[in-house]
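Here is the structure we will look at.
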Amino acid sequence: MYQQRLLERIREVEKHPELRGNPDPEVVVSSVMRHLRMILNTKQGTAPIDDDFGVPDFTNLGSTFGQDTIPDIQRSIADVVRKYEPRLKGVNVTYIPQSDDVLQVAFKLEAIIQTESREVPVVFETIIDPDGKVSVKE
């Protein structure tokens, strides 16, 4: 049941007590995706919980997404995910070239979620728009 964050688990068990101890991999993946959206859309230094929580402000790079900034962004995403989303193991972030929209930059995030019963491989696409907003989807 550790696959969801604490408040998500409490709410879910209150609604459906029969789910206690039986994690659904889809629920876990959805929870991780929501948490990734929160982490990747939080700017470092803005969260009272921890000055390192979140990613650097990518808005300054929005008009200059170039080959020289890609490795820094890729490393920032991988580092923050490894640090703040412990349900993901073997995190790998890869740049996805975008020929149709040069104002966005996209990355593929691959990892493994270890549930109580099995390992679930996941692949998320993260897209950073010119305003620095990060979208995460399967």
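Identify the residue in segment 93-107 that is under 21 Å from T42 (Cβ atoms) and not aromatic (F, W, Y) and, among all such residues, is surrounded by the most Cβ atoms within 10 Å (Cβ to Cβ).
Ranking the candidates gives V105 first.
For D68, only one of the following conditions fails: (1) modelled with pLDDT of 90 or more; (2) open to solvent by 60 Å² or more (accessible area, probe 1.4 Å). What is its number?
(1)
Given (1) under 25 Å from R5 (Cα atoms); (2) surrounded by 15 or more Cβ atoms within 10 Å (Cβ to Cβ), identify the lone condition not met by I73.
Every condition holds for I73 apart from (1).
If we only count strands (runs of 3 or more DSSP E) wholly inside segment 67-138, which ones have 1 or more residues that are touching a residue at least 60 places away in the same chain (Cβ under 8 Å) and either out of contact with any Asp or Glu (no Cβ under 6 Å at 6 or more places or on another chain) or at negative phi (or both)?
Counting at least 1 such residues, we get 105-114, 119-128, 134-137.
So in segment 86-98, with the set limited to residues that are in contact with a helix residue (DSSP H, G or I) (Cβ under 6 Å, 6 or more places away or on another chain) and not hydrophobic (A, V, I, L, M, F, W, C), which one is nearest to V55 (Cα to Cα)?
Y95
Can you name the residue in segment 108-127 that is under 12 Å from the mean Cα position of the chain (by Cα) and open to solvent by less than 20 Å² (accessible area, probe 1.4 Å) and, of all such residues, is farthest from E26 (Cα to Cα)? Full working, then the answer.
The first filter runs over segment 108-127 and keeps only residues under 12 Å from the mean Cα position of the chain (by Cα), leaving 108-111, 122-127.
Still in the running and open to solvent by less than 20 Å² (accessible area, probe 1.4 Å): 109, 111, 122, 124, 126.
Working: L109: 17, A111: 15, V122: 11, F124: 14, T126: 19 Å.
So, considering only residues that are under 12 Å from the mean Cα position of the chain (by Cα) and open to solvent by less than 20 Å² (accessible area, probe 1.4 Å), the one farthest from E26 (Cα to Cα) is T126.
D57: at pLDDT 90 or above, open to solvent by 60 Å² or more (accessible area, probe 1.4 Å), out of contact with any Asp or Glu (no Cβ under 7 Å at 6 or more places or on another chain) and of a type in the set (D, E), yes or no?
no
The values are calculated or read from the model by the stated rules, or taken from the named source; none is laboratory data. Note that the structure is a prediction, hence the values are computed from the model and not measured. Backbone-built Cβ (ideal geometry, glycine too); neighbour counts: all protein chains shown. Just the protein is used for accessible areas: all its heavy atoms, side chains included, with ligands, DNA and RNA removed. Shrake-Rupley method; radii C 1.70, N 1.55, O 1.52, S 1.80 Å.
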